[in-house]
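Data first, discussion second: the structure below is written as structure tokens.
A short reminder: the numbers here are calculations on the coordinates, not readings from a lab. Quantities reported herein were computed from a predicted structural model and do not represent experimental measurements. Cβ sites come from the backbone with ideal geometry, for glycine too, and all protein chains shown count toward neighbours.
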Amino acid sequence: MNWETVIGLEVHVQLSTRSKLFSGTATQFGAEPNTQASIYDLALPGTLPVMNREALRMAVRFGLAIDAEIGRKSVFDRKNYFYPDLPKGYQVSQLHHPTVGRGSLTITLEDGSERVIGVTRAHMEEDAGKSLHEDFHGMTGIDLNRAGTPLLEIVSEPELRNAKEAVAYLKKLHSIIRYLDISDGNMAQGSMRCDANVSIRRQGDPELGTRTEIKNINSFRFVEKAINYEVMRQREILEDGGRIIQETRLYDSDRDETRSMRSKEVANDYRYFPEPDLLPVVIDDAYIEAVRAELPELPDQKRERFVADFGLSPYDAGVLVSSREMAEYFEQVVAICGDAKLSANWVTVELLGLLNRNNWEFVDSPISARRLGDLIARIKDNTISGKIAKTVFEAMIEDQAEVDAIIEKQGLKQVTDSGEIEQLIDAVIAGNPDQVQQFRDGKEAVFGYLVGQAMRLSRGKANPAQVNQILRDKLK
Amino acid sequence: MALEKSEVTKIAQLARLHVDDGEAEEVARRISDILELINKMQAVDTANIEPLSHPLDAVQRLRPDQVTETDRRDELQKIAPAVEAGLYLVPKVIE
Amino acid sequence: MLAKTIAELSRALRGGELSSVELTRAYLDRIERLNPDLNAYITVCGEQALAQAEDADRRLAAGDTSPVCGIPLAHKDIFCTEGVTTSCGSRMLANFVSPYDATVVEKFNAAGAVTLGKTNMDEFAMGSSNETSYFGPVKNPWDTGRVPGGSSGGSAAAVAADLCAMATGTDTGGSIRQPAAFCGVTGLKPSYGRVSRWGMIAFASSLDQAGPICKSAQDAAIMLNVMAGLDERDSTSVDLTVPDYTASLDQSLEGLRIGIPRQHFAEGLNADVEQAIRAALQEFEKLGATLVDIDLPNNELSISAYYVVAPAEASANLSRFDGVRYGYRCDNPLDLEDMYKRTRSEGFGDEVKRRILVGTYALSAGFYDAYYRKAQQIRRLIKQDFLDAFKQVDVIVGPTSPHAAFQLGAKSDPVAMYLEDIYTIAVNLAGLPAISIPSGQSNGLPVGMHIVAGDFEEARLLNVAHQFQRATDWHSRKPSLSGEDAK
């Protein structure tokens, strides 16, 4: 039986405003519980909302970046439900008239092919607080610091066909919001959260299958695992002749499984209606154009430029622009060393490898873009070989000194003095008479061995091109 | 139109109000009377009338993104029914 | 002395004939004597009032020109007052000491007024008789067997019984005007957006508006001067210049066109009330106004639309009362659900619960279009009726209520109670300003006249009311109260 998977993602992005969506309370992560909860956030009677200008601007920035329709008149609604981390008993959100309407973004798959994924809408809403389930004598503790933080909920069309596409979509979103600087996009801290609607159907079936909603997926890796688990679960049920129940499920990363959230089973009726404490938010063309004028270069544009201006392959360019920090780092390296291809290699292989091994972000990198640029410049001017450069690179992790100083200190400078190299080669010829004879008898393969001996003798510092040349001359 | 007892139970649940079986009938009757009063408006044809959700024909003012609130936790938690370690306490939430 | 208007008291204070402390003491004494019977106040802030009075005396001595400086005032217990219990007439908030001041409170404090205390009200402003208060009903000073009207019944009774010089109220469907009519005082509901709602506990956010309850139109103008204006903390507060409302009081009514809505003189109107209003209209004609019969064809539907919109908004506004961060929480909850349900069922009274249920029903899945959306469409029709009428006339005049104050307990049926507001509710749906002023009597009880003007035309309303009060003396008639000494 062939099954087709249908996935739609709802991504909540915390906008990185200084103050909350409807109150002048700070939004910093990690503050002591309830120290960033003012009388409006606590829903004290008589308090009223006033909208944050910057939150609107950020939402419009996002809308323009995905080429979406911008709501000229967006309306806030109340979404009613009771939960201890929802102080007003309703969440202020946007139902019928969101700030960002239909748009799209392009994802690149592993085989290099591209797909355009539709974004249904992106609406603004308030975040809820947090329930802390550690035991307080059998009670739950409520921290409302996060309550009222502005969120942009980005809803995709159900157009994603497997977990990898979902991850690619999520990564693309992440990259866009980082380029726009509208959120820190930190999934571990919850500033970007993902819910996945997953269903499967028989290949060719025009009807969508019953879907489940998986909540609480807090890393790219878990998005893939949670969806794969859920697809497998649904498939087993259907193949056994069972039925999928439409429900909310929670992804448990420890057990790598999804399970039903019974507390959310009670059919909710959110009783949306227009929030009477707020008036319609009206945006005119001049506003939209002003926001558009401030848009930075976005990942797709940057990739095209890297291909056109630097001659990079679309794949390499795609890897480099996938993170704003990496793309900026790369551009600084190129500016210093002047070699885009070499820079691309060093950034995507050596540097990225180093960061990933240590779980570092670009800001944490012990090797600044300037120093990496200097290092590559030394390869270019033959001060060191590419191989020695790796040794220097390793040294640079611990040693914050300038590249030249490290090369000097460790005596890693390439030997290009032909007299010195001749001495090395004479020693190799003298020490390996059998191999020399074999070569002279026409066994070309032995040449590589002799070069290797010379390099070893120089502890890697001899210029390999010169070694080749001189050795060949001497063996003639 | 008369409201069923079961509907009273359903909306009471949504509103987190307790209506016990003994009261449900009386509550249903009272609310049905109110709905009858309300339903007089159903006789009017409003097909092409734009709803008026607000008496003001005005647009939302926007506030600069500035932090204007200070930490008043200790003072604000004095009026709370149950707090510990800066947290509001509620009976255990089961997810 | 205590019966004097703000204008008169202010002159006496500034002329040094009496001090604010003396005046405040006199009101506090009278409250102590009469309030146990009238139940107009829920909280009296004696010490704080005297401290404010001392401050006011210093300001007066320094030449302060604020017309309310040193004038004793009562706030409806719906306005948050920092450090003072703000109960909203409910068990839910009986222990709620507000950590902040409402804008209206802040403005009166800044102007030097003296807060005597917080007045009784229908629970969460839901009622037209003051009988839904958790703190017991207020008695009408004209006949303590009768209701003072509601929901601002405590404020209206306190002004009528001279337990304060002025009071604040709020009006969602008639809650300032109807009690003002029942108690024989002046009550103004300003245009929606004229007065900040910050710190005013919400009943129905798109209808609620704060306003003055006092002894004359001139006093209402003085109070509105203090209360009105843009507040950045309330998104629905309007950015319109506030005129000096006392400046136009003396304008002549020559040429004023008064609309008489047929629907306000139809079936159900008490004959005495009709007669009193008709007599008042003749008075206006003498002042140079012309009377024009008009129609407000959708007036009757205002009750239907209101009892969808107001409960729907209220059902959400009252969700915050959940026993978590402030206010009442039930004892020993078994679990979260039990805490929510028992807290809310024990904390709210029957009428409040009824309206929450009606509002929840109207918004619930499958009913939204038939109820909420429909009601908002009716609301548009009602607003259009007024816009059409104001093409022909300057103000609309009729009775505030179909009859004078009724007996306590007389209207136990909620629907009968809802019909009390048949003349006042449409104004809230349309957001217009309206005033009720005393204009006659029925069996020794006050009758209120209702005057409505176009958006933000409070100055005109006050001018019309003031001219009527210059020509008549209904507003200065006083109830005779037992336990009252001759002063």
Convert each backbone phi in segment A:162-171 into a coupling constant with the Karplus relation 6.51 cos²θ - 1.76 cosθ + 1.60 (shift: θ = phi - 60°), then list the ³J(HN,Hα) values in order as whole Hz, x for Gly and Pro. 7, 4, 5, 5, 4, 5, 4, 4, 5, 5
Sorted by chain and then number, the residues having a modelled amide H within less than 5 Å of the amide H of C:S196, at least 5 places away or on another chain, are C:G229
Take C:L287, project a point 7 Å from its Cα along the Cβ direction, then tell me which residues of segment C:411-442 have their backbone nitrogen under 12 Å from it. C:437-439
Relative contact order for chain A: what percent, with Cα pairs under 8 Å and sequence separation of 6 or more? 14
Can you check what the net charge comes to around C:Q407, using other residues whose Cβ is under 15 Å from the Cβ of C:Q407 (Lys, Arg +1; Asp, Glu -1)? -1
Simple label model, 7 Å out from Cα along Cβ direction - C:S476 to B:A82, nm: 6.1
With +1 on the Cβ of every Lys and Arg and -1 on the Cβ of every Asp and Glu, the dipole magnitude of the protein assembly as shown about its Cα centre, in debye rounded to the nearest 20, is 620
Please find the FRET efficiency linking B:D45 to A:I237, where r is the Cβ-Cβ separation and R0 is fixed at 45 Å, and quote it to the nearest 0.05. 0.35
Would you mind ranking A:F393, A:F76, A:F273 so that the residue whose beta carbon has the fewest other beta carbons within 10 Å leads the list? A:F393, A:F273, A:F76
Counting other Cβ atoms within 10 Å of each Cβ, which trypsin sites (Lys or Arg not before Pro) in segment A:205-244 have at most 15 and sit in a DSSP loop? A:R243
So which GluC sites (Glu not before Pro) in segment C:224-297 end up in coil per DSSP with only 11 or fewer other C-beta atoms within 10 Å? C:E254, C:E267
Fewest-first sequence of C:C45, C:C214 by Cβ atoms within 10 Å of each Cβ: C:C45, C:C214
Cα-Cα over 28 Å, subset of C:K189/C:K286; A:K79/C:K107; A:K130/B:K5; A:K73/A:K130; C:K189/C:K353; C:K107/C:K189: A:K79/C:K107; A:K130/B:K5; A:K73/A:K130
Quick check for you: which residues of segment A:228-250 have the amide N under 19 Å from the point 7 Å beyond the Cα of A:H133 toward its beta carbon? A:247-250
What FRET efficiency comes out for A:E114 versus A:A188 if R0 is 22 angstrom and r is the Cβ-Cβ distance? Round to the nearest 0.05. 0.15
Counting other beta carbons within 10 Å of each residue's own, what order do C:M449, C:M227, A:M51 fall into, fewest first? A:M51, C:M227, C:M449
Once you put a point 7 Å from the Cα of C:E346 and another 7 Å from the Cα of A:N268, both along the Cβ direction, what distance in nm separates them? 2.8
Interchain or long-range residues, amide H under 5 Å from C:T43's placed H: C:K118
Amide H proximity to A:L250 below 5 Å, modelled H, separation 5+ or other chain, gives A:K215, A:R259, A:S260, A:M261
Please give every one of the lysines within straight-line cross-link reach of A:K390, meaning a C-alpha to C-alpha distance under 29 Å, and leave out same-chain neighbours fewer than 8 residues apart. A:K302, A:K341, A:K380, A:K409, A:K413, A:K461
Compute the FRET efficiency between C:D29 and B:E4 as 1/(1 + (r/R0)^6), taking r as their Cβ-Cβ distance and R0 = 41 Å, and round to the nearest 0.05. 0.15
For chain B, calculate the relative contact order in percent as a whole number, restricting contacts to Cα pairs under 8 Å that are 6 or more residues apart. 20
What are the ³J(HN,Hα) values, in whole Hz, obtained from phi via the Karplus relation 6.51 cos²θ - 1.76 cosθ + 1.60 with θ = phi - 60°, for each residue of segment C:215-230 in sequence order, with x given for Gly and Pro? 9, 6, 5, 4, 5, 4, 5, 5, 5, 5, 4, 6, 7, 6, x, 4
Tell me, what ³J(HN,Hα) does each residue in segment A:61-76 have, in order and in whole Hz, if you take phi through Karplus 6.51 cos²θ - 1.76 cosθ + 1.60 with θ = phi - 60° and put x for Gly and Pro? 4, 4, x, 5, 5, 9, 6, 9, 5, 9, x, 5, 9, 9, 10, 8
Would you look at the GNM of chain B, springs on alpha carbons closer than 10 Å, and say which of B:R72, B:R63, B:R29 moves the most? B:R72
Within the set of other residues whose C-beta is less than 12 Å from the C-beta of A:S219, count the net charge using Lys and Arg as +1 and Asp and Glu as -1. +3
Grab the DSSP H runs of the protein assembly as shown that are 4 residues or longer, score each as -39,500 (n - 2.57), total them, divide by all residues and round the 222 nm result to the nearest 500 deg cm²/dmol. -11500 deg cm²/dmol
Compute the distance in nm between two label points, each set 7 Å from the Cα along the Cα-to-Cβ direction, one at A:K387 and one at A:E157. 5.4
Chain C: relative contact order as a whole-number percent, Cα under 8 Å and 6+ apart: 18
Net charge of neighbours whose Cβ lies under 13 Å from the Cβ of A:E325, counting Lys and Arg as +1 and Asp and Glu as -1: -3
